[in-house]
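The values are calculated or read from the model by the stated rules, or taken from the named source; none is laboratory data. Owing to the predicted nature of the structure, the values given are computational and were not obtained by experimental measurement. A quick note on method: Cβ atoms are made from the backbone with ideal geometry, for glycine too, and the neighbour counts reach across all protein chains shown.
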Number of protein chains: 2
Amino acid sequence: MYNARAYSAASATSPLASTTVARRDPTEHDVQIEILFCGICHSDLHQVRSEWSGIRTVYPCVPGHEIVGRVTGVGPAVTKFKPGDIAAVGCMVDSDGTCPECRAGLEQFCPNMVLTYNSPDKHLGGVTYGGYSDSVVVDERFVLRVPSNLNLAGAAPLLCAGITTYSPVRRWGVTKGRKVGVVGLGGLGHMGVKFAHALGAHVVVFTHSLNKKEDAFRFGADEVVVSRNADEMKKHTGSFDFILDTVSAEHDINAYIQLLRRDGNITLVGAPGKPLAVSAFGLLLGRRNLSGSLIGGIPETQEMLDFCGAHHIIADVEIIPIQKVNEAYERLLKSDVKYRFSIDMASLKSE
Amino acid sequence: MYNARAYSAASATSPLASTTVARRDPTEHDVQIEILFCGICHSDLHQVRSEWSGIRTVYPCVPGHEIVGRVTGVGPAVTKFKPGDIAAVGCMVDSDGTCPECRAGLEQFCPNMVLTYNSPDKHLGGVTYGGYSDSVVVDERFVLRVPSNLNLAGAAPLLCAGITTYSPVRRWGVTKGRKVGVVGLGGLGHMGVKFAHALGAHVVVFTHSLNKKEDAFRFGADEVVVSRNADEMKKHTGSFDFILDTVSAEHDINAYIQLLRRDGNITLVGAPGKPLAVSAFGLLLGRRNLSGSLIGGIPETQEMLDFCGAHHIIADVEIIPIQKVNEAYERLLKSDVKYRFSIDMASLKSE
């Protein structure tokens, strides 16, 4: 056991502050990683502030599940990694490995899955601590390889924002010849646009206002539609094969369901706090589908990272020192980030 | 042109009453049918009483789209039918035949589809008149063959209640080894149970009360769950491959979404007037799907009828004379029918 530097929250109303947390020494199958960058996901903020009903936050809470770093040690049974390798960890650090979900490579649905932070830690007791830290120890099954051509600050958000959008985009057959919508151009949405574009689809971005229009085109959008403009929306009625809805604020999903063609699918990856009001007629007429998607399994996460390597895809990030994390949270609440914060963990050394 | 006897409503508040309506003489591709039985669908009542926002009812209105009868005449180009054949007509009587939906055999999504009643009639002007009548003339493309072993009174409801439930049950892969739920045991639900059972699935019926329990087992249910009983519902969490939701009254769909396993689908065939409150978390966790389905195309309707012939499936009907149609509507509002009314059109001769 050793102490790692970290930033933690002491309560739902405390700012994040410098601390140390215990990490286990690598066991047989473990990989020890010096964290270089960690993305800030909106989930971090929700969890730290205990805003999710039904999921109790245990304090101190060290958030962070978009982790990239350098391997500093491996257990004797580790085969995939050696010290010096660049490695990544996402939202999960363990699962039972034996249930049907695990066997299907869909560890995110394993009933015994362990989240990267705020999940019971079977090694040290207490809960798991996330990536706002200089070091982490993770079972190699949950450690990913990062293609060498990717910028590491921009690669960190791939571990959540990336896989969360990549998985449904692949699942619903986004490819050349398909018309694909992306609702919302934030941390998730901008990744969705990049993936759908890289896969050859015709990509339409729906946004509240036009101030992100140029960025949308830069990410690969073919069209940008202002969602408030009913006439502009109407032109697209019944024309989309797939829509990725990344908005977690309340919004009228029926306006997007109408835009799907027959058998089209709209998948939610954001989770609005209040139930969505869904008109049954919108689903009946056109035999349309509304789905949800939750990150992705480990095999698909590796596939996504390899895809990003092949297509030179990273997130657009604003790199911040850990000392600015509380300020970053406030800006996140105002959607004032293009398009993900990535914490440079070197800044933690000066604490 | 000739006069057919019929029952029509003169306004949204008028009872249905005896009348005559003009029918065209069979043109080249038309089949003339003496109607023997016509099922009563809840849609008939909604349309007659002008209860659907966005769909204006034109009066006089002759409802009825669950039609079986005997061919009395055919146009010179008709190849599929000859006088004396037993034939059926469902919710549609025409479509453009050239659009992608028609070419896919999904005429129900054709932008130029003509409903069996209350749709513009391109032959005679005005609107189409439905099956509460002693005769109808329909393009042979929209006339179905009825297997000779089926009781005709019980076969009539197959044309709407049957295909509406058969189509999603087939589309979502209901078969042996799958666990399938049917929510609501009315005209649609009881057909859903029969189809899912005939396809070999393990069928669970969800109902408000237990007074239909014996019927549910008779239709092929393996289990009956009282949906008010939270404990009983909870036992089925995460276990269903597919759920057919036939309830058009307001209800908590999240309680059923929770029962789906990973990648499970719940399909709506009833259309609640108010939007459904759908929790995004229920869809995200388990990557579940909520869909709609709308009747079925002509090829699938014929497939369904042939399936019913092979499996000896008909609707459970209460046969009434047309003179009792207004009373039947009142009973329909109280769900006081087991499980579909079928009008014996011979009764119209005595008007």
Looking only at the stretch A:48-68, how many residues end up being within 18 Å of A:G186 (Cβ to Cβ) and among the polar types (S, T, N, Q)? 0
Is there a residue being at pLDDT below 95 and out of contact with any strand residue (DSSP E or B) (no Cβ under 8 Å at 6 or more places or on another chain) anywhere in the stretch B:56-75? yes
Which pairs turn up if I take residues in the stretch B:335-347 that are closer than 20 Å to B:H65 by Cβ and look for partners that are of a type in the set (S, T, N, Q) with beta carbon separation below 9 Å, at least 6 apart in sequence or on another chain? B:M345/B:S133; B:S347/B:Q323
Of the criteria (1) more than 27 Å from the chain's Cα centre (by Cα); (2) away from chain B (no Cβ under 11 Å); (3) not hydrophobic (A, V, I, L, M, F, W, C), which one A:D241 fails: (1)
Filtered residues of the stretch A:263-297 (kept if of a type in the set (G, A, S), more than 9 Å from chain B (Cβ to nearest Cβ) and within 22 Å of A:V204 (Cα to Cα)): A:G264
Output yes when any residue across the stretch A:217-237 is under 18 Å from A:L285 (Cβ atoms) and in contact with a strand residue (DSSP E or B) (Cβ under 6 Å, 6 or more places away or on another chain), and no when none is. no
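The rows are residues; the columns are (1) assigned to a helix (DSSP H, G or I); (2) touching a residue at least 60 places away in the same chain (Cβ under 8 Å); (3) in contact with a Cys (Cβ under 8 Å, 6 or more places away or on another chain).
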site: A:E214; (1), (2), (3): yes, no, no
site: A:E232; (1), (2), (3): yes, no, no
site: A:S248; (1), (2), (3): no, yes, no
site: A:N265; (1), (2), (3): no, yes, no
site: A:P272; (1), (2), (3): no, no, no
site: A:A277; (1), (2), (3): no, no, no
site: A:G282; (1), (2), (3): yes, no, no
Can you pull out every residue in the stretch B:307-335 that is surrounded by fewer than 16 Cβ atoms within 10 Å (Cβ to Cβ) and modelled with pLDDT under 95? B:L333, B:K334
Could you check how many residues of the stretch B:96-120 are closer than 16 Å to B:T301 by Cβ and within 14 Å of chain A (Cβ to nearest Cβ)? 11
Of the residues in the stretch A:29-69 that are of a type in the set (A, V, I, L, M) and assigned to a helix (DSSP H, G or I), the one that is nearest to A:A156 (Cα to Cα) is A:L45
Please go through the stretch A:161-200 and give me each residue that is without any contact (Cβ under 8 Å) to a residue 40 or more places away in the chain and either touching a strand residue (DSSP E or B) at 6+ places or on another chain (Cβ under 7 Å) or part of a helix (DSSP H, G or I) (or both), ordered by number. A:V193, A:H197
Counting just the residues of the stretch B:159-177 that are surrounded by 24 or more Cβ atoms within 10 Å (Cβ to Cβ) and under 14 Å from B:S291 (Cα atoms), which one comes out nearest to the chain's Cα centre (by Cα)? B:T164
Quick one: how many residues across the stretch A:201-211 are touching a residue at least 12 places away in the same chain (Cβ under 8 Å) and out of contact with any Phe, Trp or Tyr (no Cβ under 9 Å at 6 or more places or on another chain)? 5
Just one of (1) at pLDDT below 95; (2) under 28 Å from B:C308 (Cα atoms) trips up B:H251, so point out which. (2)
Can B:L259 be described as under 21 Å from A:I55 (Cβ atoms), buried (at least 21 other Cβ atoms within 10 Å of the Cβ) and either facing chain A (nearest Cβ under 7 Å) or touching a Ser or Thr at 6+ places or on another chain (Cβ under 7 Å) (or both)? no
Filter result for A:R340 (within 18 Å of the chain's Cα centre (by Cα) and either at pLDDT 95 or above or assigned by TED's automatic domain parsing to the domain that holds A:G130 (or both)): yes
Quick check on B:E300: is it more than 14 Å from chain A (Cβ to nearest Cβ), charged (D, E, K, R) and in a helix (DSSP H, G or I)? no
Qualifying positions in the stretch A:73-88 - more than 23 Å from A:P157 (Cβ to Cβ) and outside any strand (DSSP E or B): A:G75, A:P76, A:A77, A:V78, A:T79, A:K82, A:P83, A:G84
Please count how many residues of the stretch A:140-156 are surrounded by fewer than 17 Cβ atoms within 10 Å (Cβ to Cβ) and part of a strand (DSSP E or B). 1
If you go through the stretch A:3-13 one residue at a time, do you hit one that is in the same structural domain as A:V89 (by TED's automatic domain parsing), without any contact (Cβ under 8 Å) to a residue 24 or more places away in the chain and touching a Phe, Trp or Tyr at 6+ places or on another chain (Cβ under 9 Å)? no
Within the stretch A:98-139, which residues are part of a strand (DSSP E or B) and free of Cβ contacts under 8 Å to residues at least 40 places away in the same chain? A:V114, A:P120
Every listed condition ((1) at pLDDT below 95; (2) more than 30 Å from B:G273 (Cβ to Cβ); (3) not charged (D, E, K, R)) holds for A:F281 save (2)
Being under 19 Å from A:R70 (Cβ atoms) and part of a loop (DSSP other than H, G, I, E, B) is the filter here, so list the residues in the stretch A:5-28 that pass it. A:R24, A:D25, A:P26
Could you tell me whether the stretch B:141-151 includes any residue that is within 13 Å of the chain's Cα centre (by Cα), polar (S, T, N, Q) and under 20 Å from B:P299 (Cα atoms)? no
